[in-house]
Every structure is written in structure tokens, then in C-alpha cells.
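Reading through the C-alpha cells given below for one structure.
Bear in mind these aren't lab numbers, they're just calculated from the coordinates by the rules spelled out. All values reported here derive from a predicted model rather than from experimental measurement. Reconstructed Cβ throughout: ideal geometry from the backbone, glycine too, with neighbour counts over all protein chains shown.
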Amino acid sequence: MTLPSVEQQPQSRAGPLLGTWKLQSFTDEDVATGQKADLFGAHPSGYLHYGPDGRMYAILLKEGRKAPDTLIPTDAERVDLYSGLIAYAGTYSIEGDLISHHIDASWNQLWTGTTQVRQIRIDGNSLYIKTLPARNPLTGKESSAVLVWIKVE
């Protein structure tokens, strides 16, 4: 049996970023107009987790999502549920105030295999994440979003 090289071994991470964070707000800003919008409502829900093994996941849900009438959603219900969801998982790396999410699985298959880079700042028990300007997968417009998360204790 051979052991993986040092480069292949997962590196343990530590620090205030580790753990689970609950979504408080998600505000998108259109780059061209400066117009801001809460695309997932004033009170979205969701969780973000960073593990010491370098793995992460994020799930964001639109405020007021309606449950389907039956166990198997209709096509219209399925579209409504999908349009109120962002979810992905993968690994993460940090360099300065930038965090890179290296996505292995995603609600939007176009994100799978990509790296999403965000600016981060921790202030007490709040985590502020700002996306870099890019085409928004919900609106198709060039935008940047600010997400505020609260540490789950």
C-alpha cells in the first residue's frame, strides 16, 4: 500500500471561518445601473458550512417558497421551486480576503467544475461575502451580490 504524496493529502484548516453560518440577507447589485434587489426576498434562508477538511457546502432558499400540492410536483411547481434555490458543494481555498469555492456538485450544472471567487470579511459573528462582478445565474445580468451570514453557535 502506498500513501498519497503531501500534495494529495487534504490540509486541515482552522480559524473563525470554520463551522456553519445561517443566511441573513442576499442583496444583488446590477453593475450597469447600480440598482439593488433582494432576489430571494427580504428574509431568505439557507446555510453555509466550511469544514476543517477543506470541504464546503452552500444552500440558499428564496423567502416564501411554496410547498407543492402533492409529493410529486407539477412542472410549474418544479420550476418555481428550482428558481428559488441555489445549492452547491465542493472544496475551498483562501488567499488574503478572497475565498475560492471549487465546485464539485451544483444545482446549476454549468457551475459544476468551476471555481467561484468571493471577497470575505468576518466581523464578530457575522460573515460578509461579496461576489465578484459576473453574469448572475438568476437574472442573466452582470451583477455583484452581498450575502450576510450569522455564525451558528
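Given the criterion touching a Pro at 6+ places or on another chain (Cβ under 6 Å) and touching a residue at least 12 places away in the same chain (Cβ under 8 Å), identify the matching residue among 84, 54. Spell out how you get there, then give the answer.
Working: 84 fails: touching a Pro at 6+ places or on another chain (Cβ under 6 Å).
Residue meeting the stated conditions: 54.
Hey, among the residues in region 87-106 that are in contact (Cβ under 8 Å) with a residue 12 or more places away in the chain and acidic (Asp, Glu), which one's farthest from residue 57 (Cα to Cα)?
Quick first cut of region 87-106, residues in contact (Cβ under 8 Å) with a residue 12 or more places away in the chain only: 87-94, 97-106.
Add one more test, that the residue is acidic (Asp, Glu), and what stays is 97, 104.
On the way: 97: 19, 104: 10 Å.
Going through the qualifying residues, I end up with 97.
Per-residue answers, yes or no, for (1) surrounded by 16 or more Cβ atoms within 10 Å (Cβ to Cβ); (2) outside any loop (DSSP other than H, G, I, E, B); (3) out of contact with any strand residue (DSSP E or B) (no Cβ under 9 Å at 6 or more places or on another chain); (4) of a type in the set (S, T, N, Q):
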| position | (1), (2), (3), (4) |
| --- | --- |
| 48 | yes, yes, no, no |
| 58 | yes, yes, no, no |
| 63 | no, no, no, no |
| 67 | no, no, yes, no |
| 71 | no, no, yes, no |
| 79 | no, yes, yes, no |
| 86 | yes, yes, no, no |
| 92 | yes, yes, no, no |
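Which residue is surrounded by the most Cβ atoms within 10 Å (Cβ to Cβ), if the candidates are limited to region 103-152 and must be outside any loop (DSSP other than H, G, I, E, B) and charged (D, E, K, R)? The extreme case among them is 118. Within this structure, residue 44 fails the test of being free of Cβ contacts under 8 Å to residues at least 40 places away in the same chain and touching a helix residue (DSSP H, G or I) at 6+ places or on another chain (Cβ under 7 Å). Remark: pairs (first residue in region 112-133, of a type in the set (S, T, N, Q); second residue outside any strand (DSSP E or B); Cβ separation under 7 Å; 6+ apart in sequence or on different chains) = 119/97.
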